[in-house]
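Working notes, beginning with the structure itself.
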Amino acid sequence: MSEEFGEAYWEERYRGHSAVHSGRPNPQLVAEAGDLAPGTALDAGCGEGADAIWLASRGWRVTAVDIATTALRRARERAETLGADIAGRIDWAQVDLTGWTPAEEHFDLVCAHYVHPAASREALFRRLAASVAPGGTLLIVDHHPSHPRTATAHASAPKAHITAEELAAGLDPDRWDIAVAEARTRTATDHHGHEITLHDAVLRARRTAVTLRPPARWSERSS
């Protein structure tokens, strides 16, 4: 899995296309974060920046990180075209999520959409959950196991799919309130202009106001 989802893999993916994504924010982010009061946000695996830009346009102060420098360059350039009010709210950083640890209990919103680290995904989600401030929100959107797989799908696709229930199981119920844990379908347009149906696993959870050390569940599962 490290070869497939390492830095060289993502650089090749972004350099091979003028734009990998639509440029629109993820609809699950819009649905789940649209009513949240702006604060500090971490966009883990920000890609070409559509989600970070959407958050910044709504008043969030965003830390947007990704492993691919090409994606970050495009994201930064697009943000700059929208003016200083938006661009100035985003801090872009080249980061390998495989081993990066964000500041604990720091962000009011932590979101990750279709993030596939080269190492343990459970360990990554544990670190992301630990970075949510008391009273803050964790939003994870990933490919559901029912998501269509084609002949060109990732070789490690089974490991890149997960259910919302599996995501929720990694959170201590004494420290997290699960607001959403479900499978959703949505339509999108592929690179050939064809309409396709995507299957998402969506988890939104709120961290309780009690400040405690991060739960051990994901830690134990990833050891």
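The values are calculated or read from the model by the stated rules, or taken from the named source; none is laboratory data. Quick caveat: nothing in here was measured; it's all calculated off a predicted structure. Counting neighbours? That spans all protein chains shown, and the Cβs are built from the backbone with ideal geometry, glycine included. These area figures cover heavy atoms from the full protein model, side chains too; ligands, DNA and RNA do not enter into them. Shrake-Rupley method; radii C 1.70, N 1.55, O 1.52, S 1.80 Å.
Some points to look at:
- Given charges at Cβ of Lys, Arg, Asp, Glu: region 77-138 dipole, positive-most of 113, 134, 88: 113
- Stretching the chain fully between residue 186 and residue 94 yields a gain of 30.1 nm (0.36 nm per residue, less the alpha carbon separation).
- Accessible area of residue 57 in the full protein assembly, 1.4 Å probe (Å², nearest 10): 70
- Computed extension length for residue 57-residue 178: 40.9 nm, one decimal, from 0.36 nm per residue of separation with the Cα-Cα distance subtracted.
- Taking 0.36 nm per residue of separation and subtracting the current Cα-Cα distance, fully stretching the chain between residue 82 and residue 166 would add 26.4 nm.
- Å² of accessible area per residue within region 24-64, as computed with a 1.4 Å probe and no ligands counted: 34
- Overall, the accessible surface of region 45-87 at a probe of 1.4 angstrom is composed of carbon and sulfur to the extent of 47 percent.
- Amide hydrogen neighbours beyond the local backbone of residue 26, cut-off 5 Å, H modeled: 51
- Distance between modelled label sites at residue 209 and residue 69, nm, 7 Å Cα→Cβ extension: 4.6
- Using a Förster distance of 41 Å, the FRET efficiency for residue 103-residue 199 (Cβ separation, nearest 0.05): 0.80
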